[in-house]
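What follows is a short report on a single structure.
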Amino acid sequence: MSARSERLFVYGTLKRGEPNHHLLQSCPYQGEAVMPGLLLYDLGPFPMAVAGEGEVRGELYALRRAELRGTDRLEGYPRLYDRWLRALADGRQAWVYVGRAHQVRHSPLLSDGIWRGRANPEGRPR
């Protein structure tokens with residue numbers, strides 16, 4: 001088994017150009033990815049995905065278990081987020097941080113499944 005045996009799908013502040021990306025900076029980027037079965041909500045300073053009939057677009061990284069524990073701390077797992085192992089649209093498996101429906105009840109749905117971030121609130125291409 002490879003030293004970077006875990007995959008993590010990210011859709012918020014861990015993406016390239018966002019404030020927490022430094023935690024994944026040394027992890028191999030594996031491209032853009034889509035995760036079905038989730039809805040994405042904008043909580044202001046960060047997004048939250050919850051189970052639902054939709055899909056979320058984000059980025060995929062390969063990482064070690066120790067690096068995954070670091071992102072667990074950032075994401076407040078298991079208090080704020082759950083971490084699920086789910087299938088991406090292309091069939092690969094990846095971990096993803098998922099919130100609970102009551103946490104997003106007053107937040108706007110991002111119907112296209114893309115959080116454009118704090119660094120780019122107008123949604124313009126970077």
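Ala33 passes all but one of (1) touching a residue at least 60 places away in the same chain (Cβ under 8 Å); (2) farther than 19 Å from Gly76 by Cβ; (3) surrounded by fewer than 16 Cβ atoms within 10 Å (Cβ to Cβ); which number fails?
If we test Ala33 against (1) touching a residue at least 60 places away in the same chain (Cβ under 8 Å); (2) farther than 19 Å from Gly76 by Cβ; (3) surrounded by fewer than 16 Cβ atoms within 10 Å (Cβ to Cβ), just (3) comes out false.
Any residue in the range 38-61 that's aliphatic (A, V, I, L, M): show its pairings with residues that are surrounded by fewer than 17 Cβ atoms within 10 Å (Cβ to Cβ) and outside any strand (DSSP E or B) at Cβ separation under 7 Å, as long as the two are six or more apart or on different chains.
Close Cβ pairs satisfying both conditions: Leu43/Ser107; Met48/Gln103; Val50/Arg100; Val50/Ala101.
Under the condition of being within 15 Å of the chain's Cα centre (by Cα) and among the charged types (D, E, K, R), which residue from the range 106-126 is modelled with the highest pLDDT?
Only one residue tops the list, namely Asp112.
Mind listing just one residue for me: the one in the range 1-20 that is in contact with a helix residue (DSSP H, G or I) (Cβ under 9 Å, 6 or more places away or on another chain) and in a strand (DSSP E or B) and, of those, surrounded by the most Cβ atoms within 10 Å (Cβ to Cβ)?
Looking at residues that are in contact with a helix residue (DSSP H, G or I) (Cβ under 9 Å, 6 or more places away or on another chain) and in a strand (DSSP E or B), I get Val10.
May I ask you to list the residues in the range 85-95 that are of a type in the set (A, V, I, L, M, F, W, C) and closer than 16 Å to Glu53 by Cβ?
Ala87, Ala89
Within the range 1-54, take every residue that is among the β-branched types (Val, Ile, Thr) and more than 10 Å from the chain's Cα centre (by Cα) and give me the one that is nearest to Gln93 (Cα to Cα).
The qualifying residue nearest to Gln93 (Cα to Cα) is Val34.
Residues that are surrounded by 15 or more Cβ atoms within 10 Å (Cβ to Cβ), free of Cβ contacts under 8 Å to residues at least 60 places away in the same chain and among the hydroxyl-bearing types (Ser, Thr, Tyr): does the range 103-112 have at least one?
Checked the range 103-112: no residue is surrounded by 15 or more Cβ atoms within 10 Å (Cβ to Cβ), free of Cβ contacts under 8 Å to residues at least 60 places away in the same chain and among the hydroxyl-bearing types (Ser, Thr, Tyr).
Working only within the range 88-102, note down all residues that are without any contact (Cβ under 8 Å) to a residue 12 or more places away in the chain and on the phi < 0 side of the Ramachandran plot.
Answer for the range 88-102, where residues must be without any contact (Cβ under 8 Å) to a residue 12 or more places away in the chain and on the phi < 0 side of the Ramachandran plot: just His102.
Would you be able to say whether some residue in the range 50-64 is at pLDDT below 95 and among the small types (Gly, Ala, Ser)?
For the range 50-64, residues at pLDDT below 95 and among the small types (Gly, Ala, Ser): absent.
Suppose the filter is among the polar types (S, T, N, Q), assigned to a loop (DSSP other than H, G, I, E, B) and closer than 15 Å to Gly44 by Cα; does Ser107 pass it?
Judged against the criteria, Ser107 is a match.
May I ask you to say which residue of Arg57, Arg64 is more than 14 Å from the chain's Cα centre (by Cα), surrounded by fewer than 18 Cβ atoms within 10 Å (Cβ to Cβ) and basic (Lys, Arg)?
On inspection, the qualifying residue turns out to be Arg64.
For the range 21-70, which residues satisfy the criterion of being under 19 Å from Ser111 (Cβ atoms) and assigned to a loop (DSSP other than H, G, I, E, B)?
Leu43, Gly44, Phe46
The values are calculated or read from the model by the stated rules, or taken from the named source; none is laboratory data. What you see is a predicted model, and the numbers here were worked out from it, not measured in a lab. So basically every Cβ, Gly included, is an ideal-geometry build from the backbone, and we count neighbours across all protein chains shown.
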